[in-house]
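S.K.: Attaching a single structure in structure tokens format; questions to follow.
The values are calculated or read from the model by the stated rules, or taken from the named source; none is laboratory data. What you see is a predicted model, and the numbers here were worked out from it, not measured in a lab. All Cβ positions, even for glycine, are placed from backbone atoms using ideal geometry, and neighbour counts span all protein chains on display.
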Amino acid sequence: MFEPRYSLNKKLLDNFVRIRQIVETLNKKRLPHLALLKFEKEARAISAYASTSIEGNPLPLTDVKRVLKSRPKYIRDTEREVINYNEALIYLDSILKKKPEPVTKDFICLIQKIITRSLIDKKNNGFIRKNAVVVNNPKTRKVIYLPPDPKDVARLTKELLDFLKNKYDNLDPLILAGIFHKQFVIIHPFMDGNGRTARLVTKYLLARMGLNTFNLFSFENYYNKNITKYFEHVGVFGDYYETEKLVDFTQWLSYFTDGIIDELLRVQKLLAVPDIKERISAHEKVIITYVKKHGSISESDYAIITRRARSTRILDFKRLVKKNILERYGKGKATYYVLSNTTES
């Protein structure tokens with residue numbers, strides 16, 4: 001049976017109080033729908049960038065945003081990684097908007113399957129590992145940790161998931177999510193995708209805190225700021241069988257909650273700035289309504305339904321594109337506009 005060791009010291013208790021206070025403040029925020037969609041898209045891009053960057057993906061944030069927006073037909077593995085992570089975030093969001101599912105073996109296997117799709121051998125895509133793995137330092141590529149043997153992985157994973165189930169209603173979600181994160185990394189139940197899966201499921205567990213702005217939350221970014229520090233806290237070094245009884249989660253939980261505070265403060269600062277660009281004029285509403293009804297709109301279509309001068313009509317389109325509400329396609333007289341991904345809902 002899995003029984004983690006940790007101490008509720010003053011630092012941790014102060015962090016818990018601070019997090020609750022910030023969450024309560026954030027939950028009182030009321031954002032325009034379009035502004036919320038814009039922020040959610042930005043947070044997903046940051047999460048996909050940061051979480052894959054931790055694992056060594058070299059794509060800068062600008063390229064990640066480009067890939068997620070354009071979805072090129074032919075993509076490299078580095079691009080596939082961020083697309084898969086983004087799809088996993090969208091999937092988790094869809095579950096949270098309905099009825100949250102318990103974290104089971106099938107659940108974590110599905111998340112791993114999404115993030116490693118088309119990236120690893122199919123026999124390891126969505127399945128608990130049956131082979132040995134080693135953990136390398138991402139910078140030096142030297143072995144720093146030997147996870148448990150394949151014969152013990154299924155049992156250890158079940159014990160961790162049983163711990164989640166049994167403590168779900170009587171343990172603070174911050175402790176629960178933090179312990180899950182570190183122990184999952186220690187077990188390393190998959191051949192690949194362990195870190196990304198751990199961060200995604202941890203994010204899912206944190207959503208039960210009642211954080212209504214979950215979709216704006218990107219705590220992966222905190223870890224990516226100092227990857228070495230993250231690995232020092234989340235992992236263990238040496239052989240699993242020599243360290244399993246020595247693991248104390250206290251220091252990790254302190255670092256873990258520091259990261260949540262850091263990210264919540266970022267979100268709080270983001271939401272404190274009014275976005276003037278999100279104000280939609282009456283003329284812009286006419287365009288949006290037309291596109292929702294017909295699927296697209298051209299400058300000539302707009303000329304039929306408004307008496308505005310051509311130069312002004314062009315400015316209306318430019319403003320909507322800049323606000324990320326419309327996307328422009330075609331050239332010259334063949335130019336037309338459709339709703340961007342952030343408004344298609």
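S.K.: Scanning segment 77-104 for residues that are assigned to a helix (DSSP H, G or I) and among the hydroxyl-bearing types (Ser, Thr, Tyr), which turns out surrounded by the most Cβ atoms within 10 Å (Cβ to Cβ)?
M.R.: By that ranking, first place goes to TYR85.
S.K.: While we're here: What are the residues in segment 105-139 that are touching a Ser or Thr at 6+ places or on another chain (Cβ under 9 Å), of a type in the set (D, E, K, R) and either at positive phi or not in a helix (DSSP H, G or I) (or both), if any?
M.R.: Result: LYS139, single match.
S.K.: Continuing with the same structure: From LYS65, LYS73, grab the single residue that is without any contact (Cβ under 8 Å) to a residue 60 or more places away in the chain, out of contact with any His (no Cβ under 7 Å at 6 or more places or on another chain) and outside any helix (DSSP H, G or I).
M.R.: LYS73
S.K.: Then there is this: Inside segment 22-33, can you point out the residues that are surrounded by fewer than 12 Cβ atoms within 10 Å (Cβ to Cβ) and either touching a strand residue (DSSP E or B) at 6+ places or on another chain (Cβ under 9 Å) or under 26 Å from GLN251 (Cα atoms) (or both)?
M.R.: Selection gives GLU24 alone.
S.K.: Let me ask another. For GLY178, indicate whether it is in the same structural domain as PRO102 (by TED's automatic domain parsing), at positive phi and out of contact with any Lys or Arg (no Cβ under 9 Å at 6 or more places or on another chain).
M.R.: For GLY178, the condition - in the same structural domain as PRO102 (by TED's automatic domain parsing), at positive phi and out of contact with any Lys or Arg (no Cβ under 9 Å at 6 or more places or on another chain) - is not met.
S.K.: Residue by residue through segment 307-342, note down the ones that are part of a loop (DSSP other than H, G, I, E, B) and in contact with a His (Cβ under 7 Å, 6 or more places away or on another chain).
M.R.: ARG308
S.K.: What number goes with the only condition from (1) surrounded by 12 or more Cβ atoms within 10 Å (Cβ to Cβ); (2) polar (S, T, N, Q); (3) free of Cβ contacts under 8 Å to residues at least 60 places away in the same chain that ASN221 does not pass?
M.R.: (3)
S.K.: Also, quick follow-up: Just a yes or no: is a residue in segment 187-210 in a helix (DSSP H, G or I), of a type in the set (Gly, Ala, Ser), within 24 Å of ASN131 (Cβ to Cβ) and at pLDDT 95 or above?
M.R.: yes
S.K.: Here is a follow-up. When you go through (1) in a helix (DSSP H, G or I); (2) more than 21 Å from GLY259 (Cβ to Cβ) one by one for HIS181, which number turns out not to apply?
M.R.: Only one criterion is unmet by HIS181, namely (2).
S.K.: Can you find a residue in segment 247-268 that is part of a strand (DSSP E or B) and at pLDDT 90 or above?
M.R.: Taking every residue of segment 247-268 in turn, at least one turns out to be part of a strand (DSSP E or B) and at pLDDT 90 or above.
S.K.: Among the listed residues VAL201, VAL234, which satisfies the condition of being touching a helix residue (DSSP H, G or I) at 6+ places or on another chain (Cβ under 7 Å) and either within 22 Å of LYS11 (Cα to Cα) or free of Cβ contacts under 8 Å to residues at least 60 places away in the same chain (or both)?
M.R.: VAL234
S.K.: May I ask you to list the residues in segment 1-36 that are closer than 26 Å to VAL267 by Cβ, modelled with pLDDT of 80 or more and charged (D, E, K, R)?
M.R.: Listed by number, the residues that qualify are LYS10, LYS11, ASP14, ARG18, ARG20, GLU24.
S.K.: In addition: What about GLY259, is it within 20 Å of PRO189 (Cα to Cα) and surrounded by 15 or more Cβ atoms within 10 Å (Cβ to Cβ)?
M.R.: Taking the combined requirement at face value, the residue does not satisfy it.
Residue by residue, here is whether (1) closer than 22 Å to ALA48 by Cβ; (2) at pLDDT below 95; (3) assigned by TED's automatic domain parsing to the domain that holds PRO189 holds:
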{"residue": "ASN84", "(1), (2), (3)": "yes, no, yes"}
{"residue": "THR104", "(1), (2), (3)": "no, no, yes"}
{"residue": "PHE107", "(1), (2), (3)": "yes, no, yes"}
{"residue": "THR116", "(1), (2), (3)": "yes, no, yes"}
{"residue": "VAL133", "(1), (2), (3)": "no, no, yes"}
{"residue": "ARG141", "(1), (2), (3)": "no, yes, yes"}
{"residue": "LEU161", "(1), (2), (3)": "no, no, yes"}
{"residue": "LYS167", "(1), (2), (3)": "no, yes, yes"}
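S.K.: Additional query: What are the pairs with Cβ atoms under 7 angstrom where one residue, in segment 30-46, is within 22 Å of ASN57 (Cβ to Cβ) and the other, located anywhere, is of a type in the set (Phe, Trp, Tyr)? Sequence gap at least six, or different chains.
M.R.: Once the first residue is within 22 Å of ASN57 (Cβ to Cβ) and sits in segment 30-46, its partners that are of a type in the set (Phe, Trp, Tyr) give ALA43/PHE217.
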